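Visitor: I'd like to ask you about the structure that follows.
The values are calculated or read from the model by the stated rules, or taken from the named source; none is laboratory data. All values derive from a computational prediction rather than experimental measurement. Virtual Cβ from ideal backbone geometry, glycine too; neighbours counted across all protein chains shown. In case anyone asks, the SASA skips ligands and DNA or RNA and just uses the protein heavy atoms, side chains included. Shrake-Rupley method; radii C 1.70, N 1.55, O 1.52, S 1.80 Å.
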Amino acid sequence: MSFREDGTAAVDWVARYLERVPELPVLAQVEPGEIRSRLPASPPEEGEPFAAVLRDLDEVLMPGITHWQHPRFFAYFSVTSSEPGMLAELLAAALNQPAILWRTAPASTELEGLVLDWVAQLVGLPAGWHGHIEDTASTSTMAALIAARHVTGRDVVVCSEQAHSSVEKDARMLGMELRKVPVDAEFRLRPELLELGDAAAVVATVGTTSTTSVDPVAPIARACRESGAWLHVDAAYAGGAMVCPELRWAFDGVELADSLVINAHKWMFTPMDCSLLWTSRPDDFRDAFSLVPEYLRTPGAEEALSLSEYGPALGRRFRSLKLWAVLRCYGRAGLQERIRRAVGLAELFEGWVRDEPGWELCAPRPFSVVCFRLAGSDGENEALMERVNAGGETYISHTRLDGRHVLRLAVGHESTTEADVRRAWDVLRREAGR
């Protein structure tokens, strides 16, 4: 078959998948090692037609797919790969732009700067911040910690007990000391407990992983200014919600930050991976990361922006193309409508839990994640979650709050409806009654 025929078949496969995914079991129904056991142990000697790849995708790989594109995927943070983003990912693969420096990929470099400026305007960031794209928030936070250590000459990272585990992992990989600060009754960092005399950086979170709580960024920022510590704000999940003015209270004080991360692949409907990293101190970032060997020195290089000088990676994918496509096709209004719908559905679910005897809410709900549990032991809640997820109708995850096993339902997929949330609640109540 020709490239056009194979391409048509692939796009048709994607279209059929998106149509049928609501009827598939959300959680992969396989055991560890099962998928690999169905595949040849050695590569083929001769090439095969692309149709064989699509055949094995259906017959071998699909049973091992956990469907993050499912409207009843309510675990972790729901991520949506939208249709404009999917198509743009194909175009980016075709163009195959290694954005090592401006000259090797002028359009990729300049479009990346543009879309970061667009998103900064959408979420209300100050003008003039430098933005670029990393793969994930884990890398973005690590880059911020590297810059902080470079600027301050210190080796201590401070965050709350509820900060994402990537902060601890990044500190470990960088050989930095981590100190965790206790949280208040709403799981927010307590700024009055900060001791920053030897701190290189403080990581404040807008939308923590367990509860989506919002650290008080403004007083944390003031403490950082007084001590000379770098302030990095992790808004990987909730940052996208700032396109809605009524939610922008969560960004109070963010204008004082030294760096900020928002994952477009979480709540801006962009395919993995697309982590947006801004800094209000671009000269310090460049000083920390710039290293240009002779083979990369080109005429006019000092005047041209090379994004590899602002982060760990040299080679960079054309990630901005898919975000640009989403922003173009959805616009501010489309993003707002989808985010508001998710928040409204989470509020609806929260009300059902609140009104149902034998169930309890376990944390405030500032965005679209509800933390709740069955009134009972940890063992009962663990078993309940296992039964719910094993059935394939829906998929939820958990956390631990105040020493207890707590269930989480995260709404975020653009195709999720009230009927999907209602079905998840019906499954929970049914399984709780078994």
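Visitor: What is the number of the single condition among (1) open to solvent by 10 Å² or more (accessible area, probe 1.4 Å); (2) out of contact with any Leu (no Cβ under 7 Å at 6 or more places or on another chain) that C244 does not meet?
Guide: (1)
Visitor: Next question. Within the range 129-166, work out how many residues are hydrophobic (A, V, I, L, M, F, W, C) and without any contact (Cβ under 8 Å) to a residue 60 or more places away in the chain.
Guide: Let us first name the residues in the range 129-166 that are hydrophobic (A, V, I, L, M, F, W, C), namely 129, 133, 137, 142-148, 151, 156-159, 163.
Those left that are additionally without any contact (Cβ under 8 Å) to a residue 60 or more places away in the chain: 156-157, 159.
Within the range 129-166, residues that are hydrophobic (A, V, I, L, M, F, W, C) and without any contact (Cβ under 8 Å) to a residue 60 or more places away in the chain number 3.
Visitor: Also, quick follow-up: Among T212, T208, which is of a type outside the set (A, V, I, L, M), in contact with a helix residue (DSSP H, G or I) (Cβ under 7 Å, 6 or more places away or on another chain), within 17 Å of D402 (Cα to Cα) and not in a strand (DSSP E or B)? If you could, list the steps in order and put the result at the bottom.
Guide: Details: T208 fails: in contact with a helix residue (DSSP H, G or I) (Cβ under 7 Å, 6 or more places away or on another chain).
Residue meeting the stated conditions: T212.
Okay, residues lined up against (1) farther than 20 Å from A200 by Cβ; (2) free of Cβ contacts under 8 Å to residues at least 12 places away in the same chain; (3) basic (K, R):
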residue	(1), (2), (3)
R248	yes, no, yes
A264	yes, no, no
L276	yes, no, no
A288	no, no, no
A304	yes, no, no
K322	yes, no, yes
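Visitor: G47 fails exactly one of the following numbered conditions: (1) open to solvent by 30 Å² or more (accessible area, probe 1.4 Å); (2) under 30 Å from A342 (Cα atoms). What is the number of that condition?
Guide: (2)
Visitor: Working only within the range 344-375, note down all residues that are among the β-branched types (V, I, T) and surrounded by fewer than 19 Cβ atoms within 10 Å (Cβ to Cβ). Steps first, answer last, please.
Guide: Applying the first criterion (among the β-branched types (V, I, T)) to the range 344-375 yields 353, 369-370.
Result: no residue meets the conditions.
Visitor: Name every residue in the range 196-209 that is open to solvent by 20 Å² or more (accessible area, probe 1.4 Å) and in contact with a strand residue (DSSP E or B) (Cβ under 8 Å, 6 or more places away or on another chain), in order of residue number.
Guide: Keep residues of the range 196-209 that are open to solvent by 20 Å² or more (accessible area, probe 1.4 Å), which gives 197-198, 209.
Matches in the range 196-209: D198, T209.
Visitor: Another question, if that's okay. Consider L291 carefully, then state whether it is open to solvent by 50 Å² or more (accessible area, probe 1.4 Å), under 23 Å from H232 (Cα atoms), modelled with pLDDT under 90 and in a loop (DSSP other than H, G, I, E, B).
Guide: No: the conditions fail for L291.
Visitor: Right, something else. Could you tell me which numbered condition G240 fails, if it satisfies all but one of (1) assigned to a loop (DSSP other than H, G, I, E, B); (2) under 21 Å from the mean Cα position of the chain (by Cα); (3) among the small types (G, A, S)?
Guide: (1)
Visitor: Tally time: how many residues in the range 50-89 are open to solvent by less than 40 Å² (accessible area, probe 1.4 Å), farther than 30 Å from S368 by Cα and within 25 Å of the chain's Cα centre (by Cα)?
Guide: 0
Visitor: Within the range 107-121, track down each residue that is closer than 14 Å to M242 by Cβ, among the polar types (S, T, N, Q) and touching a residue at least 24 places away in the same chain (Cβ under 8 Å). Please lay out each step first, then the result.
Guide: In the first step, residues of the range 107-121 are kept if they are closer than 14 Å to M242 by Cβ; the result is 118-121.
Those left that are additionally among the polar types (S, T, N, Q): 121.
Within the range 107-121, none qualify.
Visitor: What number of residues within the range 129-185 satisfy the criterion of being more than 16 Å from the chain's Cα centre (by Cα) and open to solvent by 20 Å² or more (accessible area, probe 1.4 Å)?
Guide: Going through the range 129-185 one residue at a time, the tally reaches 26.
Visitor: Given the options S368, S275, S320, S306, name the one that is modelled with pLDDT under 95 and either on the phi > 0 side of the Ramachandran plot or touching a helix residue (DSSP H, G or I) at 6+ places or on another chain (Cβ under 6 Å) (or both).
Guide: Working: S368 fails: modelled with pLDDT under 95; S275 fails: modelled with pLDDT under 95; S320 fails: modelled with pLDDT under 95.
On inspection, the qualifying residue turns out to be S306.
Visitor: When only residues in the range 376-434 that are in contact with a His (Cβ under 7 Å, 6 or more places away or on another chain) and open to solvent by 50 Å² or more (accessible area, probe 1.4 Å) count, which is nearest to A163 (Cα to Cα)?
Guide: H398
Visitor: Could you list, in sequence order, the residues of the range 69-88 that are modelled with pLDDT of 95 or more and in contact with a Gly (Cβ under 8 Å, 6 or more places away or on another chain)?
Guide: None - no residue of the range 69-88 is modelled with pLDDT of 95 or more and in contact with a Gly (Cβ under 8 Å, 6 or more places away or on another chain), so the list stays empty.
Visitor: Something else about it: Could you tell me which residue of the range 90-103 is least open to solvent (accessible area, probe 1.4 Å), considering only residues that are within 17 Å of G311 (Cα to Cα) and of a type outside the set (A, V, I, L, M)? Even if it seems obvious, please write down each step before you answer.
Guide: Step one: filter the range 90-103 for residues within 17 Å of G311 (Cα to Cα), giving 98-102.
Retained after the next criterion (residues that are of a type outside the set (A, V, I, L, M)): 98, 102.
Values: P98: 65, W102: 82 Å².
In this case the residue turns out to be P98.
Visitor: When you check L116 against the structure, is it more than 17 Å from S259 (Cβ to Cβ) and either small (G, A, S) or crowded, with 19+ Cβ neighbours inside 10 Å (or both), yes or no? Outline the logic, then answer.
Guide: Working: more than 17 Å from S259 (Cβ to Cβ): no; either small (G, A, S) or crowded, with 19+ Cβ neighbours inside 10 Å (or both): yes.
So L116 fails the test.
Visitor: While we're on this one: For the range 389-434, which positions are assigned to a strand (DSSP E or B), touching a Ser or Thr at 6+ places or on another chain (Cβ under 8 Å) and either among the small types (G, A, S) or at positive phi (or both)?
Guide: A410, the sole residue that qualifies.
Visitor: Enumerate the pairs (first residue in the range 61-83 and over 17 Å from V30 (Cβ atoms); second residue anywhere and part of a loop (DSSP other than H, G, I, E, B) and of a type in the set (G, A, S)) with beta-carbon separation below 8 Å, excluding pairs fewer than 6 apart on the same chain, so at least 6 apart or on different chains.
Guide: Listed by first residue and then by second, the contacts come to Q69/S81; P71/S415; F77/G412; S78/G412; V79/G412; T80/G412; T80/S415.
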